[in-house]
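Since the structure comes first, as structure tokens, the remarks are kept for the end.
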Amino acid sequence: MTEGKRLLNGPKSRIISSQNPSTASKSLVGVIDEGTSSVQFSLYSVPFFKEVANYQIDLKLITPQDGWYEQNPLELMDAVYECCEKACAQLPALGYSVADISCIGVTNQRETTVVWDSRTGQPLYNALVWKDIRSETCVDRVLSKLDNQDKNHFKHISGLPVSPYFTALKLRWLFDNVAEVRKVHREGYCKAGTIDTWIVWNLTKGALHITDVTNASRTLLLDIETLHWHPQLLRTFKIDKNILPEIRSSSEIYGPITSDRCVLTGVPISGILGNQHASLLGQMCVKPGQAKNTYRSGCFLLCNIGERPVISAHGLITTVAYKLGPNKPAIYALEGSVAVGGHALRWLENRVRVLKDFTQAEHCAEEVTTTGDVYFVPAFTGLYAPYWRKDARGLIIGLTQYSTKHHIVRAALEAICFQTRDILECMHQESGFHLNKLHADGSISMNNLLMQLQADTAGLAGFRSSFNHHTTL
């Protein structure tokens, strides 16, 4: 994987039609896209899937301590409702109405965890975001009780290592440290779930407490083969099954929206996918051996491996890629997660003031032709795949009196590429598939230099999605 390849640009979604709405089908589908940094609602015409309306709101990230990341679940739902309202308000001028929306889907940041009181619908604590590392002590406590103290002890069941990254550890922290959570749980009214569960519960006024197999596979509580909550994992993390959502497929009619606060009342919810799984499917990686990488705050590389799960021995995780219907087989993927991708550029902007804006990284890095032997390891919250070292910390090494900010910024871009290459090499070993191209999306994939460095570093042709209106990480 040493030969450099040229970056190729090309649309990875269906060809966009220029049909006039008056002659095209009046049927629309909507997507609530809830990410780490923003919520948006988009509407697409069918059958050509042309985006006809969109509205996006940035989300606030709360950091009470270093390494702690939270979001207000109520503000998140406010943003969902507002995005739906503002996007739908654009429809009359385009020749459509809300009545033309046939169904909606939900895609969401994964692992981020919410607990709430089912009587009031009020969250019992802020949502713990996927990259939050406060549950490190819970990890240590769990590992200390295992004979081998191996973080991969449950990998043959769940496909995942024991890590603060996953939902089970976040739930354990909440029960151990938040008295209100314990109280409401004792009373029998505590509900828990990832963000998809929280959104659907609110949209249906509590009628649906569900998740899909892709989000469930990120909890460290799911049996990756049977697709049911696993009793041994529930016992290990001391999680009551009754607080968890029902597991459903990624594509079926779950039920109608009934919330009075939502402009989409009566519209059925027909799809749920974790955001990286939605990206894999959206990039049309539907055959074993096809892979994509999303370049945002973190980087998430998924490779379709078909209908049989492969348990990695080289630091990758096994996840459910999608399940397109209750009676359809589950399709699996190997995943390599990079905790700090574009977040390194934000750090250079906000913490050390090397960049005025992270979007200037490409221009800044192009001022030099190499990093000048400067290397950047952005392990701000430890290292995820393939190392899973929660104790790792960041480094900038190789500095000389001739080093400039341009070298550091270029090293930050190369760090993203090196982390991705590590994962690609593991995927080749694990899956046996020869990867000859990599699909790319996400806000920082718009950085041409980054994409070219990635193609050169990995020795793969890169195919970047032309559909990307994210400007935030």
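If Lys and Arg each add +1 and Asp and Glu each add -1, what is the summed charge of the other residues whose beta carbon sits under 15 Å from the beta carbon of residue 393?
Computed value for this residue: +1.
Return the calculated 222 nm mean residue ellipticity for the chain, to the nearest 500 deg cm²/dmol, obtained by summing -39500 (n - 2.57) across DSSP H runs with n ≥ 4 and dividing by the residue count.
Working: 13 runs with 128 residues, N = 473.
Calculated from helices alone, the mean residue ellipticity at 222 nm is -8000 deg cm²/dmol.
Order 300, 48 by their accessible area, 1.4 angstrom probe, all chains in place, largest first.
Greatest to least solvent exposure: 48, 300.
For residue 44, what accessible surface area do you get with a 1.4 Å probe? Give it in Å², rounded to 10.
The accessible area of residue 44 comes to roughly 40 Å².
Please list, in chain and number order, the residues 5+ apart from residue 53 or on another chain whose amide H is under 5 Å from its amide H, with Hs placed from the backbone.
Placed amide hydrogens put 43 under 5 Å from residue 53.
I'd like to verify something in the chain: which complete DSSP H helices, judged by Cα projection on the helix axis, reach 20 Å or more and average at least 0.0 on the Kyte-Doolittle scale? Working shown, then result.
On the way: long enough: 73-89 (24 Å, 0.34); 405-431 (39 Å, -0.17).
Passing helices, by number: 73-89.
Once every Cα of segment 27-275 carries one equal point scatterer and solvent is ignored, give the base-10 log of I(q)/I(0) from the Debye formula at q = 0.09, 0.13 Å⁻¹, two decimals.
-0.39, -0.79
Using 0.36 nm per residue of separation minus the Cα-Cα distance, give me the extension gain between residue 180 and residue 27 in nm, one decimal. Could the numbers behind the result be given before it?
Working: separation 153, 0.36 × 153 = 55.08 nm, distance 4.52 nm.
Extending this stretch completely gives an extra 50.6 nm.
If ligands, DNA and RNA are left out, what is the accessible area of residue 367 with a 1.4 Å probe, given in Å² to the nearest 10?
Accessible surface of residue 367 is approximately 110 Å².
So for segment 35-90, what percent of the C-alpha to C-alpha distances run longer than 19 Å? Numbers along the way, then the final one.
Working: 622 of 1540 pairs.
Percent of Cα pairs beyond 19 Å in segment 35-90: 40.
Which FRET efficiency value, to the nearest 0.05, is calculated for residue 448 and residue 401 with the Förster distance at 41 angstrom and r the Cβ-Cβ distance? Mind dumping the intermediate values first?
Details: r = 30 Å, r/R0 = 0.74.
With R0 = 41 Å, the Cβ-Cβ based efficiency is 0.85.
Express the carbon and sulfur contribution to the solvent-accessible surface of segment 27-275 as a percent, rounded to the nearest whole number, probe 1.4 angstrom.
On the way: 4520 of 9120 Å².
Percent of accessible area from carbon and sulfur atoms in segment 27-275: 50.
For segment 277-372, what % of the accessible area comes from carbon and sulfur atoms, probe 1.4 Å?
Values: 1900 of 3760 Å².
It is 51 percent, rounded to a whole number.
Students often check this: by mean Cβ neighbours within 10 Å, which of 400-406, 263-269 ranks highest, and how do the rest follow?
On the way: 400-406: 12.4, 263-269: 18.0.
Most protected by this proxy first, the peptides run 263-269, 400-406.
Whenever you get a sec, line up 234, 43 from highest to lowest accessible area (probe 1.4 Å, protein heavy atoms). Please list the in-between numbers first.
Numbers: 234 20, 43 0 Å².
My answer, sorted largest first, is 234, 43.
Using Stokes-Einstein with the Kirkwood hydrodynamic radius over Cα pairs, what translational diffusion coefficient do you get for segment 326-399 at 4 °C and a viscosity of 1.567 mPa s, in µm²/s rounded to a whole number? Mind dumping the intermediate values first?
Numbers: Rh = 14.7 Å.
For these conditions, the coefficient is 88 µm²/s.
Work out, in µm²/s and without decimals, the Stokes-Einstein translational diffusion coefficient of segment 339-473 at 25 °C, 0.890 mPa s, Rh from Kirkwood over C-alpha pairs. It would help to have the intermediate numbers written out before the result.
On the way: Rh = 15.5 Å.
For these conditions, the coefficient is 158 µm²/s.
Hey, which of these cross-link pairs are over 28 Å Cα-Cα: 155/323; 86/356; 191/323; 145/170? Before the final figure, lay out each step's value.
Values: 155/323 21 Å; 86/356 31 Å; 191/323 25 Å; 145/170 18 Å.
Those over the limit are 86/356.
Which value, in Å² and to the nearest 10, is the accessible area of residue 69 when all protein chains are kept and the probe is 1.4 Å?
Solvent-accessible area, nearest 10 Å²: 30 Å².
So, in nm, how far is label residue 75 from label residue 350 when the simple model puts each one 7 Å beyond its Cα toward the Cβ?
1.2 nm
Would you mind getting the accessible area per residue of the chain, heavy atoms of the protein chains only, 1.4 Å probe, in Å²?
Details: 19200 Å² over 473 residues.
Normalised by residue count, the accessible surface of the chain is 41 Å².
In Å³ and rounded to a whole number, note down the convex hull volume per residue for the Cα atoms of the chain. Numbers along the way, then the final one.
Working: hull volume 67.1 nm³, N = 473.
For the chain, the hull spanned by Cα atoms encloses 142 Å³ per residue.
Below 8 Å between Cα atoms, with a sequence gap of 6+, how large is the relative contact order for segment 207-274 in percent? Don't skip to the answer; put the middle values down first.
Values: 83 pairs, mean separation 23.0, N = 68.
Computed value for segment 207-274: 34 percent relative contact order.
The values are calculated or read from the model by the stated rules, or taken from the named source; none is laboratory data. Keep in mind that what you see is a predicted model, and the values were worked out from it rather than measured. Methodologically, a virtual Cβ is constructed for each residue, glycine included, from the backbone with ideal geometry; neighbour enumeration extends over all protein chains shown. Each accessible area value is taken on the protein alone, full model and side chains, heavy atoms only, with ligands, DNA and RNA left out. Shrake-Rupley method; radii C 1.70, N 1.55, O 1.52, S 1.80 Å.
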